[in-house]
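Derivation of every value follows stated rules applied to the coordinates shown; laboratory data play no part. Please read these numbers as outputs of a predicted model, since none were measured by experiment. Cβ coordinates were reconstructed from backbone atoms using ideal geometry, including for glycine residues, and neighbour counts include every protein chain displayed.
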2 protein chains.
Amino acid sequence: MPTLTTENASPESDTGLRELRQSSDKILSGRFLQVFSDQVTLPDGKNTFREYIVHPGAVMVIPLLTDDQGSTRIVLERQFRYPVGEVMIELPAGKRDGQEDLLLCAQRELREETGYTATQWAHAGVLHPCISYSTEYIDIWFAQGLQAGPAQLDAGEFLEVFSASTDEFFAWCRDGRITDAKTLTGALWLQNYLSGAWPLQWRDAA
Amino acid sequence: MPTLTTENASPESDTGLRELRQSSDKILSGRFLQVFSDQVTLPDGKNTFREYIVHPGAVMVIPLLTDDQGSTRIVLERQFRYPVGEVMIELPAGKRDGQEDLLLCAQRELREETGYTATQWAHAGVLHPCISYSTEYIDIWFAQGLQAGPAQLDAGEFLEVFSASTDEFFAWCRDGRITDAKTLTGALWLQNYLSGAWPLQWRDAA
């Protein structure tokens, strides 16, 4: 079994894996979901179809609070998610508005959903929630220096904002109270940031 | 801002968040994607629509190897993912076949995609990749005591199997070479398993 190295992970080594678009059809223009079906040529020359959702992209924020004892707390939300039929515990997140700058999008979503503004921001990375059937990416940001203010939820948006200690947050990731993949990815980032393994480059809010 | 506790997280506290189904229509019956649009009543009594993919569920496996020096390595895959247009580094995963037992599904997917069978398995948890527009869940399993064998890829399935050290794996999660949310969630589990923070209950394969 090969070991992947920087050398053999070059694009040249992807030729046996890549699929080539032959045609693309929009098969659903929904109120919310836009679905396409593309005919593609597989690496062996055969043709097949790929169906997928086209998504505008999104951001997620890992908002850090410091309590009176100097311990870090994290701002979370509880929101009913209809497809899974449950109230889910999540990090604040939301869709990108057109070609909106991703940091401005993160600042807007944090403010609208939780009321918080933050004096410092740091970019962590990006995640793809659903690579087999959605183009969606979620850009991941940390926020600190939080100042409370009024939330401005969208019409039809219902959620509760609360805070938890980092110990509680990680315990819930383990015991199944948190199962949202973006939030679990946020936990990976938070754990490694807090341990010092994955340092961040903080910048002041514009 | 409230602190979520076991007490106030009871279902009674969800009444201000839950949405009630009024009707459900299938709006796309694709080759692969099944999309529904449900009319729902929001907590404030207004009606709106929720569109979502109905998915059969899936499993993911975190396969652990031990190298000649006694260090843990992890089995990974490289696979072209058409919606994101990139070859992605992923943990082995696959869809549940009907009401297939989830452990048997994990064993089947590991064997089919990588050729490996494992003598010991441990259940970790579950993740939801896309809670705003898909019913999909992914059940998470660890496997160890790996025995190599022939892979049995589905027709039209092209992927490369390789192994990496755990240090490499975590470095790629940080530097953006791994952005698949299920695999990043697997990294959270692996890191906490290896540190001893999240012990597993191993069972022998049937």
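Table for the structure above
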quantity: Simple Cβ-charge dipole of the range A:116-206, Lys/Arg +1 and Asp/Glu -1, about Cα centre, in debye nearest 20; calculated: 260 debye
quantity: 222 nm mean residue ellipticity, helices alone, for chain A (DSSP H n ≥ 4; -39,500 (n - 2.57); rounded to 500); calculated: -6000 deg cm²/dmol
quantity: Residue exposure sequence - A:20, B:103, B:91, B:190 - by fewest surrounding Cβ within 10 Å; calculated: A:20, B:103, B:190, B:91
quantity: Cα gyration tensor category, rounded, prolate or oblate, for the range A:58-198 with a/c compared to 1.5; calculated: rounded
quantity: Residue-span extension gain [residue A:48 to residue A:15] - 0.36 nm each, minus C-alpha spacing; calculated: 10.2 nm
quantity: Exposure proxy order (Cβ contacts within 10 Å, fewest to most) of B:101, A:14, A:139, A:204; calculated: A:204, B:101, A:14, A:139
quantity: Pairwise FRET efficiency - residue A:174 versus residue A:29, Cβ, R0 = 60 Å, nearest 0.05; calculated: 0.90
quantity: Neighbourhood net charge (10 Å Cβ-Cβ; Lys/Arg +1, Asp/Glu -1) for residue A:152; calculated: -2
quantity: Cβ-defined net charge surrounding residue B:169, 15 Å radius [Lys, Arg +1; Asp, Glu -1]; calculated: -2
quantity: Shielding by partners, peptide B:132-141 (average Cβ within 10 angstrom, other chains); calculated: 6
quantity: Burial ordering of A:15, A:135, B:117, fewest other beta-carbon atoms within 10 Å first; calculated: A:15, B:117, A:135
quantity: The protein assembly as shown - charge dipole about Cα centre, Lys and Arg +1 at Cβ, Asp and Glu -1, debye rounded to 20; calculated: 400 debye
quantity: Antiparallel bridges, percent of DSSP beta bridges restricted to the range B:58-198 (to nearest 5); calculated: 80 percent
quantity: Calculated FRET value between residue B:154 and residue A:68, using beta carbons and R₀ = 45 Å, to 0.05; calculated: 0.20
quantity: Exam field: residue A:165 pseudo-label spacings to other copies (7 Å along Cα-Cβ), nanometres; calculated: 3.6
quantity: Entries of A:26/B:182; A:95/B:182; A:182/B:95; B:95/B:182 with Cα pairs more than 22 Å apart; calculated: A:26/B:182
quantity: Averaged over B:155-163, number of beta-carbon atoms from partner chains that fall within 10 Å; calculated: 5
quantity: Inter-chain Cβ neighbour average for residues A:185-196, partner chain, 10 Å; calculated: 4
quantity: As computed over the range B:140-189, the Cα convex hull volume per residue (Å³); calculated: 122 Å³
quantity: Pseudo-label separations to other copies for residue B:204 - Cα-to-Cβ vector, 7 Å, nm; calculated: 6.5
